[in-house]
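The values are calculated or read from the model by the stated rules, or taken from the named source; none is laboratory data. The structure displayed is predicted, hence computed values, not measured ones. Methodologically, a virtual Cβ is constructed for each residue, glycine included, from the backbone with ideal geometry; neighbour enumeration extends over all protein chains shown. What goes into the accessible areas is simple: the full protein's heavy atoms, side chains included, and nothing from ligands, DNA or RNA. Shrake-Rupley method; radii C 1.70, N 1.55, O 1.52, S 1.80 Å.
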Protein chains: 2
Amino acid sequence: MAKKAVKKGCDSAPVKLMPDATADKLAKLAWAIAHPARVQILRLLIGRNVCMCGEIVSCLPLAQSTVSQHLKILKDSGLIQGEVDGPKVCYCVNDAILTKLKQLVGEL
Amino acid sequence: MAKKAVKKGCDSAPVKLMPDATADKLAKLAWAIAHPARVQILRLLIGRNVCMCGEIVSCLPLAQSTVSQHLKILKDSGLIQGEVDGPKVCYCVNDAILTKLKQLVGEL
DNA sequence: GCCTTTCATCGTATATCTACGATTAACGAT
DNA sequence: ATCGTTAATCGTAGATATACGATGAAAGGC
């Protein structure tokens, strides 16, 4: 084995892993939907185009403040966006980011 | 608008959100790739078919124990599986689960 | 003006993640 | 049997997520 034995069983591509910004991007988007409540919220919005925060709250077995936090996480990820409408807030999906997520996962 | 104003802007589908097992499933799989290191590991395995744990460690700027934890998370999710090969362990992707992930995201 | 509705934010408690070094377990080679 | 290699697990520390009630801010109705 002189040197090191040539790693049988694994090819020998000179392991190189660029920092890879897309890994970060995918991880962030995946994180946004890494909770059942957020998946349900996202689906709800996809199915209805727009939806008030209050309605979302009444669909989930969670406190209003908790739902608001999940909405914030989804909003921070870019997957959804909220538009103020009087005292209410209408949320809707950001299709561009959703498409980006699908693309990043699809390219895996 | 007499009563309540019919929720202009929002349709009126009688909010009903089944527990939805697929939301849980998607959330779990998304969680598995919700960390840049795990995305990189997954990509590395996809690109090489199989890969020893040691090699993965040397590709990442993380301690061996940390990588092992990430591998465990990926393994628990089903996305990858490890096969013991002497003192080494060769990891590879579980295509069925990866496909499932792609499907769940694609169906969003 | 005042009050109600709607939603975000604050403060808090608990749980889980992330990372590391150290230790343990499994296997082959000598 | 002993040693070296490989990888999982343990133990720990710090950060972050999750959930809730309570409070705060913004807008419209009385």
Open item on the list: If a paramagnetic tag sat 7 Å from the Cα of residue B:99 along the Cα-Cβ line, which residues of the range B:33-50 would have the backbone N under 17 Å from that point?
Closed with: B:46
TODO: Roll a 1.4 Å probe over the protein heavy atoms and report the accessible area of residue A:22 in Å², nearest 10.
DONE: 60 Å²
Task: Ascending list, in nanometres, of distances separating the residue A:86 label from those of the other copies (7 Å, Cα toward Cβ) - done: 7.4
TODO: Round to the nearest 10 and report in Å² the accessible area of residue B:70, as given by a 1.4 Å probe over the protein chains' heavy atoms.
DONE: 20 Å²
Task: Local net charge near residue B:64, Cβ-Cβ under 15 Å (Lys/Arg +1, Asp/Glu -1) - done: +1
Open item on the list: With a cut-off of 8 Å between alpha carbons and a minimum separation of six or more residues, what is the relative contact order of the range A:27-102 in percent?
Closed with: 35 percent
- [ ] Distances from residue A:106 to the same position in the other copies: list them in nm, one decimal, shortest first, using label points 7 Å from Cα along Cα→Cβ.
- [x] 0.8
